[in-house]
Every structure is written in C-alpha cells, then in structure tokens.
1. Where does the chain land at 222 nm, in deg cm²/dmol rounded to the nearest 500, when only DSSP H runs of n ≥ 4 count, each adding -39500 (n - 2.57), divided by all residues?
2. To the nearest 10 degrees, how steeply does helix 32-44 sit against the main Cα axis of the chain, on a 0 to 90 scale?
3. At 1.4 Å probe size, put S144, S115 in order of accessible surface, largest to smallest.
4. When DSSP assigns beta bridges and you keep just the ones with both residues in the chain, what percent turn out antiparallel, to the nearest 5?
5. On full extension of the chain, what length is gained from A12 through A108, given 0.36 nm per residue of separation minus the C-alpha to C-alpha distance?
6. Going by alpha carbons, how many degrees (0 to 90, nearest 10) lie between the helix axis of 2-12 and the longest principal axis of the chain?
7. About the Cα centre, and with charges only on the beta carbon of Lys, Arg (+1) and Asp, Glu (-1), how big is the dipole of the chain? Nearest 20 debye, please.
8. Angle between the Cα long axis of helix 182-194 and the longest principal axis of the chain, 0 to 90 degrees, nearest 10?
Amino acid sequence: DDFRAWQGEHFAQFDETRGAGLAFVVDRISSPTRDAMKARVMERWPDAMWVSWDPVADETGLEGARAAFGQPQAELLSLDKAKVLLTLDREGVQHGPGASVNSRGMAAARRVMHSGDAMSRIYSVESTVTQTGGMADHRLALASSRIPAFAVALAQKLGESVPAIAAMARDLAAPAGEDIDAEFVEAVAEDLLAHRGEGLIVAGRAQPGAVR
C-alpha cells in the first residue's frame, strides 16, 4: 500500500517526458510474465531505460562467449557426450545453473556397466581442490593467476594440428615458468585431438574472458 501511494505521485511526473530520466533496474531472468510487464512499462514510458543487472552475474563467461560467437550466450553443457573433459580453475561443473543436469551428465559419461563400456577421462588444472578435481583422472595444481598461461600453452600445442587454433595461438604470448608442466599440456592436447568433437574445456568464473 505504501508503494502504491508513492508510485502514484512519483511516476506521474514522467508521463509528460515519455519516461526520459526514468530507469528500471531489474535482475536477469527470462520470463513471459516479465516480458509482458516490460512491454506495458515501455508503452507508457517509451523513453525510459530498462537495465538488466545481476550483482553475481557471470560477466567473464559472457565476455568469452561474445568473443567466440559474436554475442553473449549462456553455456549449456552436454557432459554425457564428453569423452575428454578439461576443467580450468572451475569449482566443479556440479555447481551453478544446470548443476543437476551437469551432475547426471558427468555420471553418465563415467558410468561403466559392461566390460566393453568406455569411461570419460577428466583432466583438472586448478588452484584449490574442487569436487571435480578430486575425481579427476589427472590433476595439476596451479595458481589461479597462472591458469591463463596454461591455456596459452595448450592452445599453442593444439595449434600444431588444428589450423584454426594455430591462427589464434600465433597472437598469444608464449608462457614462461617451470610451473607449466609441458608433459601435462602435451598429454591433454593429444587426448583432445584424439577425440575431436567429443572433448570439452570449461573454465571457472575467476578466469578472465579470454580464457572462458
């Protein structure tokens, strides 16, 4: 009731300006009801601003998607189809949006029911032990600040066999430091190349958009 009384006086002043100077800050959700409400608001105040914002949004992920696909996109993982999974400083794929689906997908890829069944292989490069890292077949402990260097080294190694990656890797600075395990990089690259179309690399939110 208090809001109804307040908004009656507050919003009326923007009818004459078509909403100029009025801004609505909303969280990022997808909803037909929200879209219908927005349409009514913008019909009344066409010059108002409608801004979507989330204090815990995955900004680096959106930045990485924009660089790769030309527009921000949300990830939708098919872990059940991944024969090789590499996680880079990621707090497990079982957390965040799609956690239940991701957990079931990873379990399906790792499940061996018959003698001829193949199990997916997991590589994890991370600064702290995560749930995924704990169950990884191969894990490399690396400072979070050094994960981009590992990603560069991997891109350069993959680029030796994949022209598209080679073109991108040429623009990347060569990583330095003994903490980048060359044998680990080579093993991951060989496994990914051996399973083209069936490999998946995911990076955590702490990593910059270039890595994501």
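1. Details: 8 runs with 84 residues, N = 212.
Per the formula, -12000 deg cm²/dmol.
2. The two axes meet at around 40 degrees.
3. Numbers: S144 40, S115 130 Å².
Per-residue accessible area, sorted high to low, gives S115, S144.
4. Working: 0 of 18 bridges.
Approximately 0 percent, going by the DSSP bridge assignments.
5. On the way: separation 96, 0.36 × 96 = 34.56 nm, distance 5.69 nm.
Result for the pair: 28.9 nm of gain on full extension.
6. 80 degrees
7. Details: 22 positive and 30 negative charges, 110 e Å.
Dipole size: approximately 520 debye.
8. That works out to roughly 80 degrees.
The values are calculated or read from the model by the stated rules, or taken from the named source; none is laboratory data. Values in this document were obtained by computation on a predicted structure and should not be read as measured data. No Cβ is skipped: glycine too gets one built from the backbone with ideal geometry, and neighbour counts run over all protein chains shown. In case anyone asks, the SASA skips ligands and DNA or RNA and just uses the protein heavy atoms, side chains included. Shrake-Rupley method; radii C 1.70, N 1.55, O 1.52, S 1.80 Å.
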